[in-house]
Amino acid sequence: MELKELRNFMRVAQSGSVSRAAQDLRLAQPALSRQIRKLEHELGVPLFARHGRGMRLSAAGARLLERAEAIAQLVQQTREEILEDRSPARGRLVLGVPPAAGRLLVPYFVERFRQAWPETTLHMREGVASSLQEWLLEKRIDLALLHNPPHLEALEIRPLLTERMFVIGPPKHRIKEKAHPKSFRIADLGALPLILPNGAHANRRLVESAALEHGLRLRVMIEADSVAFAKTMVERGLGYTILTYAAVQDELARGELTVYPIVRPALTVPVCIITPRGDLPKLTQDAGEMLRDVCRTLVRSGRWAGATLD
């Protein structure tokens, strides 16, 4: 039993006549009749009841028609999926990014993405680490860039680069420069009035873990989950925060904030590409590799203050 024979059988069943089906298929009527008899011989049952005005399906023929239609639909669906994997000209990709890294990365990634897949819809979603993680688990985004993600069984984590963390202070005209060193040790952080996100945030976990290793208790005066809120309060002189360089480079260029390296030891945060665990569509796999390549290029060119892991 071949797929072509099944398709020809479906046409005979739909038309109710071998002659009409042969005309539609552009086949000789005797050849089509032989195919039907061959199917009946293989199955050992008549597929049609013949009568003077044509033919109608037998009970066995009706069952075969139902299965043949399902097989034809599955074959067509498989063909479309394979063609889409080979050349994903259509489709949709949803990428999640954190605010600071997103503003740095998105223009370069979008440019590359549009060149590679001009007919594919790209949806960018910005969110903090906890939101991005939740969206991945709920399959609301296809892949994401996260800082210091927790290890979850349902997610695949691929480390990409590391970023240094810096103490971010008010602009120089709001502080007495002599009262502050050019850098801070982790041991010094306990004396600073800090503005940090809540305990579920990746940055907060990272800083508190480093403080715990050095026997410190942090003075968190204000909790602000929004990076923008934290920077505004620091600019007003209400405290200090701890962020990556990428998160504040625009404000530093305008003289609105001051940056202090953290030394002895440096405080670094891993940046990872995260996807749901399991088989991924080819578009998601290829977009993940493109994202990795764009991030590497930005780091190596000096536009992103980080260090690649390969």
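The values are calculated or read from the model by the stated rules, or taken from the named source; none is laboratory data. Only a predicted model underlies this, so the values are computations on that prediction, with no experimental measurement involved. Note: ideal-geometry Cβ built from the backbone for every residue, glycine included; neighbour counts use all protein chains shown. Accessible surface is based on the protein model in full, side chains and every heavy atom, while ligands, DNA and RNA are left aside. Shrake-Rupley method; radii C 1.70, N 1.55, O 1.52, S 1.80 Å.
If the condition is being under 19 Å from residue 305 (Cβ atoms), modelled with pLDDT of 90 or more, open to solvent by 40 Å² or more (accessible area, probe 1.4 Å) and not in a loop (DSSP other than H, G, I, E, B), then region 226-260 contributes only 259. The combined condition, being of a type outside the set (Gly, Ala, Ser), touching a residue at least 12 places away in the same chain (Cβ under 8 Å) and open to solvent by 10 Å² or more (accessible area, probe 1.4 Å), is fulfilled by residue 297.
Residues in region 123-161 that are open to solvent by less than 40 Å² (accessible area, probe 1.4 Å) and assigned to a strand (DSSP E or B): 9 in all. With respect to the conditions (1) outside any helix (DSSP H, G or I); (2) at pLDDT below 90, residue 194 lacks only one, and its number is (2).
Restricting to region 1-30, name every residue that is over 13 Å from residue 65 (Cα atoms), in a helix (DSSP H, G or I) and open to solvent by 30 Å² or more (accessible area, probe 1.4 Å).
Residues satisfying the conditions are 4, 19, 20, 23, 24, 25, 29, 30.
So how many residues does region 31-42 have that are free of Cβ contacts under 8 Å to residues at least 24 places away in the same chain and either under 23 Å from residue 74 (Cα atoms) or open to solvent by 90 Å² or more (accessible area, probe 1.4 Å) (or both)?
Matching residues across region 31-42 total 3.
Condition first: touching a helix residue (DSSP H, G or I) at 6+ places or on another chain (Cβ under 9 Å) and either open to solvent by less than 20 Å² (accessible area, probe 1.4 Å) or free of Cβ contacts under 8 Å to residues at least 24 places away in the same chain (or both). Now tell me which residues in region 192-202 satisfy that. Break it down into steps so the answer makes sense when it comes.
Quick first cut of region 192-202, residues touching a helix residue (DSSP H, G or I) at 6+ places or on another chain (Cβ under 9 Å) only: 194-202.
Residues satisfying the conditions are 194, 195, 196, 197, 199, 202.
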